[in-house]
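Student: Let me give you the structure first, and then I'll get to my questions.
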Amino acid sequence: MISEKMMELGKKRSVIREIFEYGNKRRQEIGAENVFDFSLGNPSIPAPDVVKETMLRLINEKDPVKLHGYTSAQGDLSVRSAIAEDIKNRFGAASGADLIYMTCGAAASLTISLNALVRDGDEVIVLAPFFPEYRVFAEKAGAKVRVVKCREEDLQIDFSALQEAINEKTKAIIVNSPNNPSGVVLSEETIIELSKLLERKQNEYKTEIYVIADEPYRELVYGGIEVPYIPNYYDNTLVCYSFSKSLSLPGERIGYIFVSPKVNNCSDVYAAVCGAGRALGFVCAPSLLQYTVAENLGKTANIEIYDKNRNILYDALTEYGYELARPDGAFYLFMKSPEEDANAFCERAKKYEILIVPGDDFGFEGYVRISYCVSTEMILKSLDGFKKLIEEYRG
Ligand code: PLP
């Protein structure tokens, strides 16, 4: 007998994938230019030229045996040192190469961190709306997932609900800002309040409660908004970073985990990260990519295009009468469904070839996610459909 749980996971496609597959079918039937697919979070802008130039230079000039060979399990030392320096320079946070673990993107960073921290029976808190894979990763690590809904008015943390949810079994809370699916950036005020609450709870229960800061969208912010760097506010923090979105390299699978030196017994926690990486087979992240990102830290793809898309969509949708908050980051809009059942609304949107994702999968019913990492042309062509769609609800 094989693992039924894994078989089930493998057979069940996520709702987002289902919608994307439906889009593929429609693209074949009516032509790609007539399908307005806002389902996936796949960057639509290319990696900056400098990334390609770095890769070509490395391929042409670096010793190929070293370039394509195994690095240390936790990543090449020079790469980890460059990242540690970058963390110090950009965020003013203490860091060190011996606290960085190179990974295959944020997904691997999260699974490794959760496996490093969680013991059977522990609880992990996720803040809804949340990236649906958190549940899969946390449960596989042996945790029970507790969902705490954010405040509906601004999608910041609901502290009374969070306080209720924390108990002596709470091992970690996953914090994702800028957020997928809402695009919301947690304010400094929220991060300070979160830190105070967690410190109080750690003292009360004489336990460690870790923040797992999932930050693949850190650099995707608009209008000069600052994203607080959580290790500067709360000691027991692990940062799960990825270059998938900032450098538009999602298929290359490269990211890292940073264990803050302020984490209690940080070298043991880092050892547990290395152990979890080993146990999961996530050692020695792709070497060409490690060397490439080390030379391009802090750079981003041309995110002005996302900003433009965000403004066009937000302005048009609010003008038509939809309810949504202007997001400060990532490349998602989270919009209130004009009818209570967001699934029914998404089905109705298909009439106009508009493909959007119900919030239910993100733990937040009555809302839909619109990914605007698509061409501006597609957005402009879709607007008439969005307008007609809401008019249906006005009778
Ligand atoms: N975390 C969030 C919030 C995401 O949206 C994603 C991907 O979309 C990931 C993690 C996984 O990112 P990666 O491609 O780096 O594994």
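Student: (1) of a type in the set (S, T, Y); (2) on the phi < 0 side of the Ramachandran plot; (3) within 15 Å of the ligand (Cβ to nearest atom): which one isn't true of S248, the others all being true?
Tutor: Result: S248 fails condition (2) only.
Student: Given F130, F137, which one is within 16 Å of the ligand (Cβ to nearest atom), more than 19 Å from V269 (Cα to Cα) and either in contact (Cβ under 8 Å) with a residue 12 or more places away in the chain or touching a Leu at 6+ places or on another chain (Cβ under 9 Å) (or both)?
Tutor: Going through F130, F137 in turn, just one is within 16 Å of the ligand (Cβ to nearest atom), more than 19 Å from V269 (Cα to Cα) and either in contact (Cβ under 8 Å) with a residue 12 or more places away in the chain or touching a Leu at 6+ places or on another chain (Cβ under 9 Å) (or both): F130.
Student: Within the range 209-224, track down each residue that is in a loop (DSSP other than H, G, I, E, B) and at pLDDT 95 or above.
Tutor: Once the filter is applied, which keeps residues that are in a loop (DSSP other than H, G, I, E, B) and at pLDDT 95 or above, the range 209-224 yields I209, E215, P216, Y217, R218, E219, L220, Y222.
Student: If you take the residues in the range 341-358 that are under 27 Å from the mean Cα position of the chain (by Cα), assigned to a helix (DSSP H, G or I) and touching a residue at least 60 places away in the same chain (Cβ under 8 Å), which one is surrounded by the most Cβ atoms within 10 Å (Cβ to Cβ)?
Tutor: Per the criteria, the residue is C346.
Student: Of all the residues that make up the range 91-105, how many are in contact with a strand residue (DSSP E or B) (Cβ under 6 Å, 6 or more places away or on another chain) and within 12 Å of L238 (Cα to Cα)?
Tutor: 3
Student: Which count do you get for residues in the range 57-74 that are in a loop (DSSP other than H, G, I, E, B), more than 29 Å from the chain's Cα centre (by Cα) and either free of Cβ contacts under 8 Å to residues at least 40 places away in the same chain or surrounded by 12 or more Cβ atoms within 10 Å (Cβ to Cβ) (or both)?
Tutor: 2
Student: Evaluate the following for A106: is it of a type in the set (A, V, I, L, M), in contact (Cβ under 8 Å) with a residue 24 or more places away in the chain and within 11 Å of the ligand (Cβ to nearest atom)?
Tutor: The answer is yes for A106.
Student: Condition test on C240, is it within 13 Å of the ligand (Cβ to nearest atom) and in contact with a strand residue (DSSP E or B) (Cβ under 8 Å, 6 or more places away or on another chain)?
Tutor: yes
Student: Is there any pair linking a residue in the range 1-14 that is in contact (Cβ under 8 Å) with a residue 60 or more places away in the chain to one that is part of a loop (DSSP other than H, G, I, E, B) and surrounded by 10 or more Cβ atoms within 10 Å (Cβ to Cβ), with Cβ under 8 Å and at least six apart or on different chains, and which?
Tutor: Close Cβ pairs satisfying both conditions: S14/P132.
Student: Considering (1) surrounded by fewer than 18 Cβ atoms within 10 Å (Cβ to Cβ); (2) modelled with pLDDT of 95 or more; (3) not β-branched (V, I, T), say which one F36 fails and leave the rest.
Tutor: The one condition F36 does not meet is (1).
Student: Give the residues of the range 363-395 that are of a type in the set (K, R), part of a loop (DSSP other than H, G, I, E, B) and touching a strand residue (DSSP E or B) at 6+ places or on another chain (Cβ under 6 Å), sorted by residue number.
Tutor: Within the range 363-395, none qualify.
Student: On to the next question. So which residues in the range 287-329 are within 20 Å of the chain's Cα centre (by Cα), surrounded by fewer than 19 Cβ atoms within 10 Å (Cβ to Cβ) and assigned to a helix (DSSP H, G or I), if there are any at all?
Tutor: Hits for the range 287-329 are E304, I305, D307.
Student: Among the residues of the range 174-191, what is the count of those that are within 10 Å of the ligand (Cβ to nearest atom) and either part of a loop (DSSP other than H, G, I, E, B) or at positive phi (or both)?
Tutor: Total satisfying the criteria: 5.
The values are calculated or read from the model by the stated rules, or taken from the named source; none is laboratory data. All values reported here derive from a predicted model rather than from experimental measurement. No Cβ is skipped: glycine too gets one built from the backbone with ideal geometry, and neighbour counts run over all protein chains shown.
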